[in-house]
Each structure stands twice: as structure tokens, then as C-alpha cells.
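Down below is the structure, laid out as C-alpha cells.
The values are calculated or read from the model by the stated rules, or taken from the named source; none is laboratory data. If you're wondering where the values come from, they're calculated on a predicted model, not measured in any experiment. All Cβ positions, glycine included, derive from the backbone under ideal geometry; neighbour counts span all protein chains shown.
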């Protein structure tokens, strides 16, 4: 009985297409006998397969339990290796009534995406630091001499530079692919099919409309909640939030009472969203990021009913608020240090020595912009911490 080994790189980033591919191999007379997830290698045996539909799961516990409902629906484990398992079903896909849970898989993909984003932040920080150190030399009116020293060790520099480019390209591909995969898995989930983005809903709007821009609301989400609720009370009903989260579209309507909740979730959690939906909340916006996701929810109420909150637990609200403050501090503080180092070490002394109008236009531009950028970053950090202290004081 002959075997056929196939190498399939990045297969775990395309779970559905991999499942379809295994099914196509089965139709050609090849049965999956074993696979090596870490090596991206699948080994098939040339024999008729007893399964028509396949599903791949990821389980951190390595147990791969098969619930009774799945057994009744004729699912069985075809092959398992470590945290990965391939399930098979003898029925056609259209006849299968149950599906394998993907929660652990989505969590794993989110963590991989987060790793790559941290890598990109590190690369950006490194480039910004180098540019920040070299830019004053480039803008300096004094001549600068650069000497290149010949050395056989340069080959290692070139190799490392080429390797970094390759790793960065792999990272870009991974982030883009994982984002698409996350969308596909969400669409596959029957619960997630109910989570239709508010911005994608087509509504026949015939009344008076109003567009408002709200920048930086993520540093003070509680103020956004109050602002949206006041808009509803004044007769402006929110109908759309632009994809970037900065443009809010309203339509003139009757005065309504809506409770708005803005949530910072750390990473995407489709199960939590399904739970909020079942509790009667309507999702009107969700950010595109899968590991620092913001979402906006609302629920109508009346004078006779109590205004609800998605989360009434004080400690969990404080934990979410402190995470917001810490994340934006970690994002902006290094940039403030880089800009501040360049401004106070090179730009400001040059201005004090030569005079503002005696330096070049690009130097005047940088001398003006750098303090402004530092001020904006600092304000954002302070707003995030002010939000935390407001939540703690409630």
C-alpha cells in the first residue's frame, strides 16, 4: 500500500481550505493516515476513504474529546497529533448537523497575530530610534564624514539584514492571512452569523442626517457612551459608524432612550459577542483589530425599565480600564522619549544658539512639530489614566 507525503506550508492559516483539500484527496482515493503539524507535512495512504467531510480542531489540552452530540452525528477522530486533530464524517457536508468547536483555534490565531504585531512595533521602534539619531546629523549645517571599514564580518550583517526582510514579509503575510481566516471562522460559526456588523446594514434613510467626527474616544470610552446617549435623547439616532471608528452618522428621529456600552476586549471573542446578543444588546461597531478590539453596544429602554449595563462588576471594569491606560502608555511613552531626546538634545540647543529664523525650513518644521507630537501623545496618556481613575472612583 503506497504512501504519498505532501508538504503544505501555512496550512493552519487556511483551515477551511485545508479541510476541503483533505476531502478532495479522499475523493481521489487517498486517505489521511497521519500528519506532522509542526513540519506542515501530510501523509496519505492510497486507499478508499470512509469519510466525506473533514474538520480540523486545535485543543491545548491535547485530549480532543468528542461530545456525545458529535458522535450521534457520526463524527470520529481520523488522526490526532499533539494539539491538532482531524475529524471525519461519512456524510456529505450538507447533511452534517453539527460542527467542531473552533474556540481554541481562534484563540491560537489571535496570539500568533499579537506576536507579529509586537514584532512590528519593535521594528518600527528600532527604525524610529535610528532615524532619530541620524536625522540631526543629516540636518546639521556642519559637514559629516562617514567612513566604511572593510571587514569580512560584513557578510553577517548582510545575512541578518536579508533574514530580517524575509521574517518581516512572513509576518505581513501571516497577519493579513490570519485576519482573513478569523473572518472566515466567524462566518462559519452559526452564532457568529447573527453578528452582522451595524455598518454593513443597508437602511432606507429618508430623514435629516448628521455626521459627527469623534477622535480619540478610545482614551475616554465612558464619555463616548454619555455623548451617544445624549444624542439619542436629543432626537439623533445613530445609524452608522465608519470603519475607522471616527465618523458617526446620525438620523433625525423621535427621542429615544438607549443605553450605550463601549468595551475594550483585548482580543476578539466571538462567544462573548454572541452572549451579549442573546442578552438583547445590539452591536453597532467593532474595530478591525483582533487582539486590541473595541466594540460599541446599545440597548433600548424606557422610563419604566431600568437602564442596563453589559458589565456591572466593579472589579472587572477597573481591570479593563487599567489595561486601557497601560496599553496606551506603553504605546506612546517610547515615542515621547524618542522625540524628546532628539528635540532637547539636538533641535532646541541649535535653536537657542542660532535663533529660530536662522535655521533651515526643515529644521523649523521639526522644531515646531516635535513638541506638538509629544504634547498629543502625552495628552492621550493622561486621558487614558483619567478614564481609569473615573472608573475606580465610581
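Within region 224-247, restricting attention to residues that are without any contact (Cβ under 8 Å) to a residue 24 or more places away in the chain and touching a helix residue (DSSP H, G or I) at 6+ places or on another chain (Cβ under 9 Å), which residue is surrounded by the most Cβ atoms within 10 Å (Cβ to Cβ)?
The qualifying residue surrounded by the most Cβ atoms within 10 Å (Cβ to Cβ) is 237.
For residue 128, are the conditions met, namely being in a helix (DSSP H, G or I), in contact (Cβ under 8 Å) with a residue 12 or more places away in the chain and buried (at least 17 other Cβ atoms within 10 Å of the Cβ)?
Criteria not met by residue 128.
Of everything in region 74-98, what is surrounded by 15 or more Cβ atoms within 10 Å (Cβ to Cβ) and under 25 Å from residue 40 (Cβ atoms)? Give them in sequence order.
75, 78, 79, 80, 83, 84, 85, 86, 87, 88, 89
Looking only at region 251-261, how many residues end up being in contact with a helix residue (DSSP H, G or I) (Cβ under 6 Å, 6 or more places away or on another chain) and outside any loop (DSSP other than H, G, I, E, B)?
Residues that pass the stated criteria total 2.
Let me spell it out: the conditions are (1) farther than 25 Å from residue 125 by Cβ; (2) within 20 Å of the chain's Cα centre (by Cα); (3) modelled with pLDDT of 85 or more; (4) not in a helix (DSSP H, G or I), and residue 243 meets all of them except one. Which number is the exception?
(3)
Yes or no, residue by residue, for (1) over 30 Å from residue 275 (Cα atoms); (2) surrounded by 12 or more Cβ atoms within 10 Å (Cβ to Cβ):
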| position | (1), (2) |
| --- | --- |
| 317 | no, yes |
| 321 | no, yes |
| 325 | no, yes |
| 334 | yes, yes |
| 339 | yes, yes |
| 354 | yes, yes |
| 362 | yes, no |
| 380 | yes, yes |
| 388 | no, yes |
